[in-house]
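Heads up, the thing below is written out as structure tokens.
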Amino acid sequence: MKNFLLIIFLSVLSVQGFAQFPALRSTTETKPKDLDYLNPKEYTIGGIEINGVKYLDKSVLITITKLAVGDRILVPGEATSGAVKNLWAQGLFDDVSLAINHTSGDSVFFDINLVERPRVSRIVLKGLTKTETTDIQEKLNNQKGKIVNENLRNTITNIITKHFYEKGYLYTTVKINPVNDTADVNSRIVNVIVDKKSKVKVNAINIEGNKDFSDAKLKKFLKKTHEMAWYKVFGSGKFLRDKYEEDKEKMIAKMREKGYRDAEIISDSVYRHNDKSVNIDIKLHEGPKYYFGNITFAGNAKYPSSLLKQILRIEKGDVFSEEKLDKTLRSSPSSDDVSSLYLNDGYLTFNADPVQTRIYGDTVDLEIRIYEGPQYTINKIILKGNDVTNDKVVLREIRTKPGQKFSKDLLVRSQRQISQLGNFDEQKIDIKPIPNPADGTVDIQYTVVEKPSDQIELSGGFGGGRVVGTLGLTFNNFSARNLFNLKEYKPLPRGDGQKLSIRGQTNGKYYQSYNFSFSEPWFGGKKPIYFGISAFTSLQSNGLSKGNPSLQKIRLNGLTFSLGKQLKWPDDYFRVDYAANLQQFKLNNYSGYLFQNGDSYDLSLSQVFSRNSVDAPIFPTSGSNIKFTVQATLPYSAFNGKNYNNLSTSEKYKFAEYHKWKFETQFFQKIYGKLVLKAQAQFGFIGYYNKDVGQAPFGRFKLGGDGLQGFDFLQGSEVIGLRGYSNNSIVPEGAVTTAGSPIFNKYVLELRHPITLNQSATVFVLAFAEGGNTWNKFSEFNPFNVKRSVGVGARIYLPIFGLLGIDYGYGFDAIPGNPDANKGQFHFSIAQQLGGFN
């Protein structure tokens, strides 16, 4: 037997490549007579067996060996040594051996014995926070089950270092230590120890090659890559590679916008300064400053060159800027560019190509080559995605009609009108013109995505020392015509764009309030005439039974009918609304108003003249909302013949008389990126006809707090929020009634930034500064004497609950007699009106 093994060993040494085999042996029970290991013999492969694999496909492994049953090979020879080499090359095994199982005639049968490398059973991260561990584990999930080898180490290291590199940790180190998994002998638990080090900041930015631009000016162009400094509150100096790459492009764009059309970065480098910071070197080619020369138009037949030059608003000698040229040619936010002139007149395929025809010295001549194309007429409107809302509700808001000339402005306006319905995801409204060049028509396809629009308010609060429960239901896409069609109840009939709201609030016998409202935005179905009806009743008492002389209560009942119409002049953003209001106040031993017992009736007419051009109802980014309201009762004292000096207070205020004026305005404007500025101003005044009657007891203004009208019997007053102060705390000095003030004004500046604007939830954060005050009479009115506050807050819009909010405000100005009214105040809000003025 020893001689037999020696012969095998010498044979292996004598054949090229056989040194790759861990073993080549015969396992036949008897040695074949014609097998000579010193002289290779040709055999036909009769069979191949793979042994020792658990995870891998045996047929694939046989393919990798390049051995196949039926092949004629020399044994030993290149085919057998190559089979072992091929398997080793996969990096999947700790041991590979090929052995002859037996021979039969001129056929040989092989055993390939393999030992698989261990695989990952789980990855354990150390040195990270819980949140960081969760984030990294998600990225490493697909590494489980992989073979533990150098490639795995590199992959894990790269994933982790890249994750933290993007967050400003440039020098993260990763140590990987696999250990045996006791549950599986062929598995390993991979321990990964991460030290992310400190966030890397920018120590210095060194710029070379600039002449006309100062270093400071160029560094300002790098908006998100700042040198660290103690005084930079909002620019921490944190280095992020992706932001740096964006900043480089923006810096060059800004330089070219200033006329340096040849500006470019020749080279740049980011290198280590110390463990916590980097230096940045940027080498620039600034080039000369260029100016616009002669600008001519070619190809324009519809409009003369003189008109196009007027719209272009670029004169010879102006600083050359491709950004300015593009803006006035085709991308002005206000649609006052050359392209909009054509697109609003049906020229759907219009194109303008500015060509630099001559560059001499520092001057660039341009020829703007116009392709007007044909005028397109709208053929048909295609509506998709409105699975709940009826077609007519959407189509009546669309401004593009069949037979009209194509208009870009009408497309933009149609998108706004659809989003204002509140039934669709504003971010997913898609408008696609489909031109038909053969006949000069265009089909316009509107695709919408329904979102939940009904809302529920279910809450419990604490007020007046007792728990108050609230249940409110609002159906924003109601269908009254299907009220008796049981098949349409899902759970209520929907799809016609009407609004039905029911709300109840109570804590038992002490406080009850019930409200109902219904509105139809297209009364009659043919014109945008708004009709609304609302009714409410509320009761506030000390809980004593009827007939008890100590009973104190106030009941308020109200009914309102409204009609409104969209106007066409000055433009169709304007509308006018009229309302007839009837309110009844019933007081019994109730203090806080100008009388304590008796009934008072308030019958008034109101007119609201408004213009609303905001681009979205939930998170507006542009446009304005302006409203002017006049409300008045009849001047009863002028014709009823009563001497009001001799009347009791309850008789004097039997019929309330007043005239009420309010002006409210909001403006929204994008400042930078998604950051939006909201500016708001409000003014209100309630006056009287007869000085002997004086101010009406109800309908006044209460200022301060969250602006929610709730438990504290404020239904007879208008509640205006002012964050940073407690509810209703801002009253004129010497006020003799808690019914409110006849004059108020309020100002707000608010910066808003969205967190998410998707269908399931809209979330944005805000910072505000606001001020307001109230006065008893105009002789005391001073619009600059306001109670000031600042703060931060957040809003979340959930389709089922409406707009929810939380604010923290700090009031700077003390309220006499109420030391706790200002300073730090938290304010919560629920189901406030979207875009409301509170």
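Each reported figure results from applying straightforward, stated rules to the coordinates on display, with no laboratory input. Keep in mind that what you see is a predicted model, and the values were worked out from it rather than measured. Here the Cβ is made from the backbone with ideal geometry for all residues, glycine too, and neighbour counts use every protein chain on show.
Before moving on, here are some points about what is shown:
- Electrostatic dipole magnitude of the chain [Cβ: Lys, Arg +1; Asp, Glu -1; Cα centre; debye, to 20]: 1860
- Distances between placed amide hydrogens fall under 5 Å for K201 paired with F239, S277, V278, all partners being 5 or more residues away or on another chain.
- Pairs of Cα atoms nearer than 8 Å and 6+ residues apart set the relative contact order; for the chain it is 5 percent.
- The chain - mean residue ellipticity at 222 nm from DSSP helices (-39,500 (n - 2.57) per run, n ≥ 4, rounded to 500): -4500 deg cm²/dmol
- Per-residue ³J(HN,Hα) for region 411-426, Karplus 6.51 cos²θ - 1.76 cosθ + 1.60, θ = phi - 60°, Hz, x for Gly and Pro: 5, 5, 5, 4, 4, 5, 4, 5, 5, 5, 4, x, 9, 10, 5, 4
- Pairs of alpha carbons in the chain whose separation is greater than 43 Å (percent): 58
- Size of region 629-673: Rg and Dmax of its alpha carbons, in Å, are 20.1, 65.
- Hypothetical label at E286: residues of region 312-327 whose amide nitrogen lies under 20 Å (7 Å Cα-Cβ projection): 319-322
- Pair-distance profile P(r), taking every C-alpha pair of region 331-424, with 5 angstrom steps and integer %: 3, 12, 16, 16, 14, 12, 9, 6, 4, 4, 2, 1, 0
- Using only side-chain charges placed at the Cβ, +1 for Lys and Arg and -1 for Asp and Glu, the dipole size of region 119-195 relative to its Cα centre rounds to 100 debye.
- Entries in K130/K276; K509/K746; K327/K527 that, when Cα-Cα distance is taken, lie over 27 Å: K509/K746; K327/K527
- Which listed pairs, of K401/K565; K196/K248; K401/K490; K565/K702; K302/K674, have C-alpha distances above 28 Å, in listed order: K401/K490; K565/K702; K302/K674
- Proxy reagent accessibility, fewest Cβ within 10 Å first, across K250, K691, K553: K691, K250, K553
- Considering only GluC sites (Glu not before Pro) in DSSP loops that have at most 14 other Cβ atoms within 10 Å, the longest stretch of the chain without any of them is 316-732.
- Here K85 is the anchor, and the aspartates and glutamates within straight C-alpha reach of less than 15 Å, apart from those fewer than 8 places off in the same chain, are D94, D95.
- The HN-Hα couplings worked out from phi for region 672-685 by the Karplus form 6.51 cos²θ - 1.76 cosθ + 1.60 (θ = phi - 60°) are 7, x, 9, 6, 10, 9, 10, 10, 9, 9, 9, 9, x, 8 Hz, whole numbers, x standing for Gly and Pro.
- Across region 452-590, the mean sequence separation of Cα contacts (distance under 8 Å, 6 or more residues apart), normalised by length, yields a relative contact order of 15 percent.
- Projected onto their three principal axes, the Cα atoms of region 452-590 cover extents of 57, 38, 26 Å, largest first.
- Calculated P(r) tail over 23 Å for region 185-297, as whole % of Cα pairs: 42
- Extension gain for the segment I382 to R72, taken as residue separation times 0.36 nm less the Cα-Cα distance, is 104.6 nm to one decimal.
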